[in-house]
Each structure stands twice: as structure tokens, then as C-alpha cells.
1. For the chain, what does the helix formula give at 222 nm: sum of -39500 (n - 2.57) over DSSP H segments with n ≥ 4, over the residue count, nearest 500 deg cm²/dmol?
2. Cα-Cα pairs above 14 Å in the stretch 293-369: how many percent?
3. Using only the alpha-carbon atoms, what does the stretch 221-276 span along each of its principal axes? Please give whole angstrom values in decreasing order.
4. Of Gly28, Gly162, Gly190, which has the largest mean-square fluctuation in a 10 Å C-alpha GNM of the chain?
5. Can you sort Met300, Met291 so the residue with the fewest Cβ neighbours within 10 Å comes first?
6. How big is the chain along each principal axis, measuring the range of its Cα positions in Å and listing the largest first?
7. Taking the Cα centre of the chain as origin and charging only Cβ (+1 Lys, Arg; -1 Asp, Glu), how large is the dipole, in debye to the nearest 20?
8. Please work out the Cα center distance from the stretch 317-332 to the stretch 393-412, rounded to the nearest Å.
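Coordinate-derived values only; no laboratory data. Since the structure is predicted, the reported quantities are computational estimates derived from the model, not experimental observations. Cβ atoms come from the backbone with ideal geometry, glycine included; neighbour counts cover every protein chain shown.
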Amino acid sequence: MKFTFSILLLIALISYAPADDNWTQWRGPQNSGASLSAAPPLTWSETENIKWKVPIDGNGTSTPIVWENKVFVLTAIRTDEKDPSIPDPKDQPKTNFFDIKRPNAVHEFAVICLDRNSGKELWRDVATKKIPHEGAHNDNDFASASPTTDGKRLFCWFGSAGLFCYDLNGTKLWERSLGEARVGSSLGEGSSPVLHDAKLVIVRDHAGQSTIEVLDASTGKTIWRKDREEGNAWATPLVLKHSGRTQVITTASNFVRSYDLETGDVIWQCSGLTGNCTPCPQVDGDYVICMSGYKGYSAMAIPLTETGDISNSEKIRWSLSKGTPYVPSSVLYDGLLYFNQSNQAILRCVDSKSGEVLFGPQRITGISNIYASPVAANGRIYIVGRGGRTVVLRHSRNYEPVATNELNERFDASPAIAGQQIFLRGVNHLYCIDED
């Protein structure tokens, strides 16, 4: 009996390890920006604790995804092939506030798989080649949505360029075009796909007809699709089981909505966020925390147990109207919620249960702007600045920096952490940071 129990325990540990030691989607295995098992290094530099550093051609701000011994990266590579019928961007008239022009060059939308131990390229596939139908902001690109995996398949979403499914050895299993989005001011796309119970959730909020669509992960066929009355938003949805249903939580300017994953019916909705919603929701027990930080600040802890329209309800546990992020998402770690203000290096920490501000606004020394979302592991919070500095804090109800690390690169992509490693994607290279 003791022998049998030991075998069963070993099997349980083996089966648990992959999900716990990998980074399977944009905000990690807990969908919170935190890992419960990872223990990445405290310090690094260009000459310290760099396991490998490899160039990534093209442009992309999607987070690298880690599964066992493989790391997956998406990128969009501009080629020299041009369509002479499309004027050169420099010759096109100004059509929007940011003067963003349509490209006239073919781009290769590529999926790259690297060996986790060495950084060696294991395989690469150009999922599709096309000229983007509209441009993207200088702070965005054509490969900003992070892939996701269930350990068997890899799902790669290039927005208007298409959705592609591979096995982990690089064989393309299926592909879908979901049409072209029309993002206001040509700011570019960005929401990442979410995988749950063999269903793939895609949210597209833009200046055209916004939608939420659920696909069969095995075939790519649509299970259901609903129109949304929303404008530009980039928030990746959150999927979780609660109150007897699997809820898909989407944040946007008009409403935070909960959809039933099986039917597409709206379970509840709640207004109160600002425009251009980008941070993804965070679940905390019976509540979901949603926030936005463009042209105002807003955060709300909304109950998952309700139905109907609960806007301005006393059932909302807490709310904030100061200091919330625009582009980065928050990180939720052991009851504490950390987030920066707008895209600035001004940090706040709140108690996730009560909304009490524990510290902040606190200037993060050595960082000016932040686009990457913070991550947490091993009692630490990692905050990556655009200029190459990462400030590491002790997980605490007080502001306690313990290290400042610097690399010679710009960083807009959010980190991935798995095992003893942290993966940082810069504008030119992907770094694997590990103890020497």
C-alpha cells in the first residue's frame, strides 16, 4: 500500500509540474502575472546571469511563451517586396491624429521556436505573408498578441493577418481569417487569445464592428460569435469557472461584461471604466478586478456572483479613481495588487480584498516609462522599464526595492517567468536570464 501511494504521489507531481513550471499564456499560468513556483534570479546585467541572448528579427511585443524545453516567439518581418499601387508611407497624406500611414511592404508573420536551454532556433514557420491593411502606432506593431499553448498545440494570433494553430514541432494544423479590424487612429491591434476547455476566445474591440468569438481549438471552427458595442480596446479577456458557469470577462469602455463560455449569453455587465481599456482583468476569490487608465483612472472589484446590469451598484466591493495603468496590466500576488500609473514609473500597491492603498504614489527610481506588465515570483515583484532597467521589489505592504538591473535594450514586451528563469524580450533580442 505504501509503495502504491508513493507511485500515485509521484504521478501526481509529474502531472502537476508542467502547468506550474511553464508560462503558457500572456499573464502566465495563474493569469495574474505571477508564478507560484518560479524562482528567477534577483540580479543580472549584460555580463551577469545571462544564460543566452539571441537576436529576433522583425518586430513584435508579444510575450514569449514557455512550455517545457521550448520557447515560442511571434514576430512580423518587413520585407523589401512592395506593392507599387500603394504609395510609399512618406508620400501618403495625413489621415489620423498620429499621422500613422499604411505600409506598402509585404510582411512575413513568423512563428519561432527556440530551445530553452541554449536559445538555438528549433523551427520557424512563416504563417502568412501580406501587406497590413492599416498601420500601427510606433509603440505597437503587427505581432503584439501573445501566443498560448495547452502543451500539445500552439495558437498564434496575428489579428487581421490571421489565426494559426501548430503542433509544438512546427506542423501547421489549421488556420483562420477572422477579417480585418479597423482600429481607430490606426493604433494597431493587441488583445491575446485565451484557451479554456478546448475553446479559444478572441475579443476584437475596434472602430468597426467589435466582436467576441469562441472557436473550437481542435478545428478553428466558430462555436459562437457576438457583436459588441465597444470602440478601441486591447484588453485580453479572463476565463474562469464561477457560480456554476464558465465566465468570459471582457473589459471595455462601455461595460465590463461576463459572457457564458458555452452559449455567449451575457451573465452580467458593469460600467465605470475609462477609454481605450488595455489592462486585463484579475480574479480575486468571488470578485474580478478591472482597471483602465486613459483619459482618467478607474479600478473596480466586481462580484462574479451577480446577473444583469450591476453598474453603480453597492455590490461593487471597492473602486479607485487614481493612479491606474494605461498599457500595462497589474500583477496580483498573494493578496496584493501592484500597478503603475498610466505608462509612468509611479507605483501603487493595494490590498486586493479591500482596495486600501498600502503605498504609493511611489516613484520607481531609475525608470521613466513602463509598457511591460510587472510579474511576480519567489516573494519578489519584477518591474521592467522601457529603457532597459528592471527594478525588483520585495513582496511587501511597503515599498522595498532590493535590486536594480540594466540591459542595453528597449523593452515593451511583458516578461515570462518559468522555473529558475526570466525571459525578457527587447526590441532586438530575447534574453534568458538564469543563475550562472
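1. Computed ellipticity for the chain at 222 nm equals -1500 deg cm²/dmol.
2. Details: 1838 of 2926 pairs.
Within the stretch 293-369, distances greater than 14 Å cover 63 percent of Cα pairs.
3. Sorted largest first, the three principal extents are 30, 27, 16 Å.
4. Largest GNM mean-square fluctuation: Gly162.
5. Met300, Met291
6. Extents along the principal axes: 69, 52, 51 Å.
7. Dipole magnitude for the chain comes out near 260 debye.
8. After rounding, the separation between the Cα centres reads 19 Å.
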